[in-house]
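A quick write-up on the structure given underneath.
Each reported figure results from applying straightforward, stated rules to the coordinates on display, with no laboratory input. The shown structure was predicted, so the numbers you read here are calculated from the model rather than taken from an experiment. Backbone-built Cβ (ideal geometry, glycine too); neighbour counts: all protein chains shown.
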Amino acid sequence: MTEVKLTKENVSEAYKVADDKVKRVLDALFGKAKIRPTLDDYTTIRTYEDACEALGEDEIDEECLHEAGCPNHIIALMKLERISKALWGRNFEPIPDAEGRKYFYYPYFCLYTQDEMKNMSADDCGALLAADALTGAYTGFGYLHTSNRSSYSHAATGFRLCQETETKASYFGKQFIRLWAEYYTFNFKIKD
């Protein structure tokens with residue numbers, strides 16, 4: 001029988017080329033902490049700390065920011081911006097395209113379940129599905145607006161939190177859902 005020796009480097013290299021099923025097996029065998037965060041594979045960025053490590057940057061000094069009066073949602077935004085930069089990887093170039101030839105994706109959140117929407121009055125449910133205010137009720141992540149077209153989705157702010165693919169934006173939203181909730185500071189709780 002041949003003896004096989006595995007090193008941390010071998011496991012890391014295998015993880016980079018593995019599909020999701022193999023990654024789960026590697027995680028089960030070697031633990032998630034053993035996979036070092038890298039800018040070459042966004043799925044290795046699983047925490048804010050991972051993003052800092054991959055970028056080679058120090059974590060923000062939350063205690064100092066709190067002492068200076070910085071609110072929690074701003075600290076959460078600072079963390080999300082750093083995570084977003086790490087998820088972009090080595091080719092970090094989120095430059096807006098004024099001519100509209102390039103698409104960017106932002107995590108999309110549903111704040112109500114289907115059951116909660118079924119129990120809403122028609123007026124409350126309608127407000128969720130068609131809302132706009134010209135004097136500043138933009139939410140920063142998306143809303144519906146009816147004008148000369150039937151409707152469209154629009155993000156007024158938050159470009160630094162966009163990703164270049166829909167898959168990455170979805171990962172960003174789901175993996176860091178608690179941090180997003182802290183950033184938006186809605187009065188809701190996240191279920192596991």
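Based on the mean of other Cβ atoms within 10 Å per residue, sort peptides 62-68, 95-101, 167-173 so the most packed one is first.
Packing order, densest peptide first, comes out as 167-173, 62-68, 95-101.
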Residues whose placed amide H lies under 5 Å from that of ASP41, excluding near-sequence neighbours: none
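Please sort 6-13, 175-182, 78-85 by packing, taking for each peptide the average over its residues of neighbouring beta carbons within 10 angstrom, highest first. Working shown, then result.
On the way: 6-13: 11.9, 175-182: 18.0, 78-85: 20.2.
So the order, starting with the most tightly packed, is 78-85, 175-182, 6-13.
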A correct Karplus calculation of ³J(HN,Hα) over the range 40-48, with 6.51 cos²θ - 1.76 cosθ + 1.60, θ = phi - 60°, whole Hz and x for Gly and Pro, returns 8, 9, 4, 6, 7, 8, 10, 9, 4
Going down the list LYS5/LYS85; LYS5/LYS79; LYS8/LYS102; LYS16/LYS85; LYS21/LYS118; LYS79/LYS102, which pairs span over 31 Å between their C-alpha atoms? LYS5/LYS85; LYS5/LYS79; LYS8/LYS102; LYS21/LYS118
Each residue of the range 103-109 in order: what ³J(HN,Hα) in whole Hz does its phi give by Karplus 6.51 cos²θ - 1.76 cosθ + 1.60, θ = phi - 60°, with x for Gly and Pro? 9, 10, 10, 10, x, 10, 10
